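Below you'll find the structure I mean.
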Amino acid sequence: MGGLRPYNTEAATPAFREMIAGHWEHVARESGLPFNDAALRREGFVYDTEPACRAVVAVRATDATRALSYLKRVQRAFHVEGRDVTDREVLADLAADEGLDRAVFLAAHGSSVAKDAVRQDFSATQQTGVDRLSHARRGLPERRYFLVTSGFARAAEIADRLDRIHDLAQIE
């Protein structure tokens, strides 16, 4: 789990909501996927992705075969249904919908093991040294990892980025 906004403690401001809504509108327009900003519009909503990421990690530890399906369920709950996936009860409901025992999920989600594991996931992601092509330093990056896309991108855009990465690798 990469953690888009882990450990955030600030309530969403009107400017932040407008910025996120703009991103989501773009993705909806380009992909045809539905987005619902109901969770963001909740008064005092704190957009912290750590609880949802930890939920996926807890499911992964409990039954790894269900982790991807659960991740998709959480994303749908937030982005399409407008549910608050920072709420552990909502996350437990989603786990139960996935066929997992609610009590087992809640215990796993609240455990120090899951909290440590999600921190390790975040750390591993940060340590990859990914360079964003649009923000690349002059010359070759020190490490040979590249972010191909962060969020939605059309296939042609991904192909173009891969070509640019390939070209950079050939310079050496």
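The values are calculated or read from the model by the stated rules, or taken from the named source; none is laboratory data. Just so you know, these numbers come straight off a predicted model, no measurement behind them. With ideal geometry, Cβ positions are generated from the backbone for all residues, glycine too; neighbour counts draw on all protein chains shown. The protein model used for the area step is the full one, side chains on, heavy atoms only, and it has no ligands, DNA or RNA in it. Shrake-Rupley method; radii C 1.70, N 1.55, O 1.52, S 1.80 Å.
So, in segment 17-37, exactly how many residues are under 15 Å from Ala77 (Cα atoms) and in a loop (DSSP other than H, G, I, E, B)?
Summing the residues that are under 15 Å from Ala77 (Cα atoms) and in a loop (DSSP other than H, G, I, E, B) in segment 17-37 gives 5.
For segment 85-103, state whether one or more residues are in a helix (DSSP H, G or I), in contact (Cβ under 8 Å) with a residue 40 or more places away in the chain and under 17 Å from Arg5 (Cβ atoms).
Yes - at least one qualifying residue is present in segment 85-103.
For Leu71, state whether it is touching a residue at least 40 places away in the same chain (Cβ under 8 Å), of a type in the set (A, V, I, L, M) and open to solvent by 40 Å² or more (accessible area, probe 1.4 Å).
For Leu71, the condition - touching a residue at least 40 places away in the same chain (Cβ under 8 Å), of a type in the set (A, V, I, L, M) and open to solvent by 40 Å² or more (accessible area, probe 1.4 Å) - is not met.
Also, quick follow-up: Would you mind finding the one in Asp116, Asp163 that is surrounded by fewer than 13 Cβ atoms within 10 Å (Cβ to Cβ), closer than 16 Å to Val57 by Cβ and at pLDDT 60 or above?
Asp116
Can you spot a residue in segment 12-25 that is hydroxyl-bearing (Ser, Thr, Tyr), modelled with pLDDT of 90 or more and open to solvent by 30 Å² or more (accessible area, probe 1.4 Å)?
If we filter segment 12-25 for residues that are hydroxyl-bearing (Ser, Thr, Tyr), which is where we start, we get 13.
Among the residues that remain, those that are also modelled with pLDDT of 90 or more are: 13.
If we keep only those that are open to solvent by 30 Å² or more (accessible area, probe 1.4 Å) as well, we get 13.
Yes.
Same structure again: With the requirement that a residue be aliphatic (A, V, I, L, M), within 22 Å of Ala103 (Cα to Cα) and within 15 Å of the chain's Cα centre (by Cα), what does segment 42-90 give you?
Hits for segment 42-90 are Ala52, Ala55, Val56, Val57, Ala67, Leu68, Leu71, Val74, Ala77, Val85.
Name the residue that is nearest to the chain's Cα centre (by Cα), counting only residues in segment 119-149 that are within 28 Å of His26 (Cα to Cα), at pLDDT 75 or above and open to solvent by 60 Å² or more (accessible area, probe 1.4 Å).
Filtering first and then ranking leaves Thr125.
Report yes if Val80 is at pLDDT below 95 and β-branched (Val, Ile, Thr), otherwise no. Reasoning before the result, please.
Values: at pLDDT below 95: yes; β-branched (Val, Ile, Thr): yes.
When the stated conditions are applied, Val80 passes them.
Where the second residue is aliphatic (A, V, I, L, M) and open to solvent by 10 Å² or more (accessible area, probe 1.4 Å) and the first is at negative phi and in a loop (DSSP other than H, G, I, E, B) and lies in segment 38-66, which pairs have Cβ atoms under 8 Å and are six or more apart or on separate chains?
Once the first residue is at negative phi and in a loop (DSSP other than H, G, I, E, B) and sits in segment 38-66, its partners that are aliphatic (A, V, I, L, M) and open to solvent by 10 Å² or more (accessible area, probe 1.4 Å) give Phe45/Ala11; Phe45/Ala12; Tyr47/Ala12; Tyr47/Ile20; Thr49/Leu4; Asp63/Leu100.
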